[in-house]
Amino acid sequence: MGYLKFWGVRGSIPTPGPSTMRYGGNTSCLEIQCDDKLLILDAGSGLRNLGNALMGKGQAIQAHVFITHMHWDHIQGIPFFTPAYIPGNSITFLGADEADRSLQSIISGQMDPTYFPIELDDMGAELNFRNLSEDTYTINDIRFETLYVNHPGNALGYKFYLKDTSVVYISDNEPFDTSAVASEEMLGEDGNQKLIDFVKDCDILIHDAQYTQEEYEKHRTWGHSPFTFTVDVALQANVGQLVLFHHDPLHDDNAVDTILESARQRVHNSDKSLNIIAAQEGLEIAL
Amino acid sequence: MSTDIVLIDDNEIHLQTTRRILQNYGFSVETLSDPVQSLELLPVINPRVIILDIMMPGMDGFHLLKSIKELPQFTDIPVIILSGKQFSPDKRKALALGAKEYLTKPVNSRDLISEIKKHI
Ligand SMILES: [Zn+2]
Ligand SMILES: [Zn+2]
């Protein structure tokens with residue numbers, strides 16, 4: 001029993017304005033309420049509205065905030081997360097340390113006085129930090145697996161085993177180059193197979209689908225996927241529902257509609273079936 | 001007998017293919033697929049060059065590279081990164097942590113050999 005709610009679905013930078021009203025302009029943030037537990041996936045600008053909604057409930061807050069990686073669009077909501085300022089609340093941030101910098105140092109770095117008037121140490125709630133690598137975990141009865149994904153830095157994908165539902169969240173990820181599989185000439189492996197194995201048979205897959213195929217050709221090595229790759233992974237991994245995520249800041253609502261239509265057409269053209277939606281601010285999925 | 005090269009990568013098929021090719025060029029090669037365990041085994045194997053993947057379960061290649069370089073006997077060992085990640089921030093980070101070179105998979109075996117030959 002519970003739900004998953006989208007508070008931010010945009011990639012890279014917030015994009016408020018009339019052309020993004022339907023899908024929303026806030027950067028990555030999801031809320032999962034399940035069995036009295038609050039999981040927050042990424043802390044982009046959508047975290048601010050989530051914080052305000054939580055404050056409205058008038059209860060002490062215990063949250064686990066799972067960060068995919070430390071790029072701005074995934075942590076910029078933290079200074080504006082009101083529950084973190086309230087004594088008695090407890091917030092645990094989880095994510096991958098970088099070899100030269102800890103999770104805590106990276107998060108507090110964006111609250112250096114040069115950038116923000118209040119420092120992390122001044123936040124009133126109890127703040128905890130938990131370093132993750134690629135592994136299987138059970139933390140506070142939350143069972144999940146992580147996977148390093150193809151994005152700059154130690155970026156993680158998450159697979160959560162909730163009561164009746166498995167949810168995979170991969171906000172930012174680029175296909176590996178599989179133009180040459182292992183041979184005498186070219187050494188390497190099919191890195192995308194590891195992704196498919198990780199995603200295999202999950203109920204809900206939320207995955208980067210930032211570009212069209214044409215846009216992707218111009219943005220190789222930017223760390224994001226064309227929706228065609230995302231659909232193909234979901235089909236091969238036999239997922240229940242695919243949610244297209246991390247919409248490009250240049251895409252207005254109509255452009256996202258077009259990608260969604262094309263993604264559904266791609267499924268139609270295969271001999272398989274797959275339910276696809278595009279992530280939308282305010283959208284709630286029952287768990 | 002000493003070992004020329006240690007390959008560290010979680011993908012067994014890639015390890016076996018690469019080992020076979022390097023052996024064909026006359027190098028003695030050991031493979032390790034567990035990054036955490038490799039920290040214990042490296043001092044025993046005592047290689048001349050390490051070839052290291054980045055995205056590995058248990059410990060990522062950046063952390064492993066840093067830990068290897070902190071072992072007194074390996075401060076100066078040549079480490080070649082061989083990663084599927086083709087991003088320049090990752091390359092800069094690996095070089096800053098002491099890697100000699102950052103090569104991207106799939107790599108042409110001739111390019112890998114010529115990089116190894118700079119150090120052996
Ligand atoms: Zn992002
Ligand atoms: Zn990013």
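Evaluate E = 1/(1 + (r/R0)^6) for A:K163 and A:T82, where r is the Cβ-Cβ distance and R0 equals 25 Å; express this FRET efficiency to the nearest 0.05.
On the way: r = 29 Å, r/R0 = 1.14.
Computed FRET efficiency for A:K163 and A:T82 comes out at 0.30.
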Which of A:Y158, A:Y85, B:Y102 has the fewest Cβ neighbours within 10 Å, and the rest in rising order: A:Y85, B:Y102, A:Y158
Inter-label distance, nm, simple model (7 Å from Cα along the C-beta direction), B:E70/B:Q16: 3.5 nm
Per-peptide average of other Cβ atoms within 10 Å, ordering A:21-27, B:113-119 highest first: A:21-27, B:113-119
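Could you compute the FRET efficiency for A:D271 and B:V36, with r as their C-beta to C-beta distance and R0 at 41 Å, rounded to 0.05?
Using R0 = 41 Å, I get an efficiency of 0.40.
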Which of A:Y211, B:Y25 has the fewest Cβ neighbours within 10 Å, and the rest in rising order: B:Y25, A:Y211
Taking chain A and dividing mean pair separation by its residue count, relative contact order in percent (alpha carbons under 8 Å, at least six apart): 18 percent
Inter-label distance for A:K200 and A:S102, nm, one decimal - labels placed 7 Å from Cα along Cα-to-Cβ: 3.7 nm
Two-decimal Rg to Rh for the stretch A:113-175 - Kirkwood Rh, Cα set: 1.09
Gain on full stretching of the segment that runs from A:T138 to A:D36 - 0.36 nm per residue minus C-alpha separation: 35.1 nm
Chain B: mean projected area of Cα convex hull, nm²: 6.6 nm²
Separation in nanometres of the label points that stand 7 Å from Cα toward Cβ, at B:R92 and A:A53: 3.7 nm
Residues A:L94, A:L132, sorted so that the one with the fewest Cβ neighbours within 10 Å comes first: A:L132, A:L94
Length gained when the stretch B:S2-B:K100 is fully extended (0.36 nm per residue, less Cα-Cα span): 33.1 nm
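How high is the relative contact order of the stretch B:5-117, given as a whole-number percent (alpha carbon pairs under 8 Å, six or more residues apart)?
With pairs under 8 Å counted, the relative contact order is 23 percent.
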P(r), alpha carbons of the stretch A:2-286 - 5 Å bins starting at zero, rounded %: 1, 6, 12, 17, 19, 18, 12, 8, 4, 2, 1, 0, 0
Label zone at A:A60 (point 7 Å along Cα-to-Cβ), backbone N below 12 Å, the stretch A:69-104: A:87-91
Efficiency of FRET between A:N238 and A:T114 - r from beta-carbon atoms, R0 41 angstrom, step 0.05: 0.25
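Every number here is computed from the coordinates shown, using simple stated rules; none is lab data. Since we're looking at a predicted model, the values are computed, not measured. When we count neighbours, we look across all protein chains shown, and the Cβ atoms used for this are built from the backbone with ideal geometry, even at glycine.
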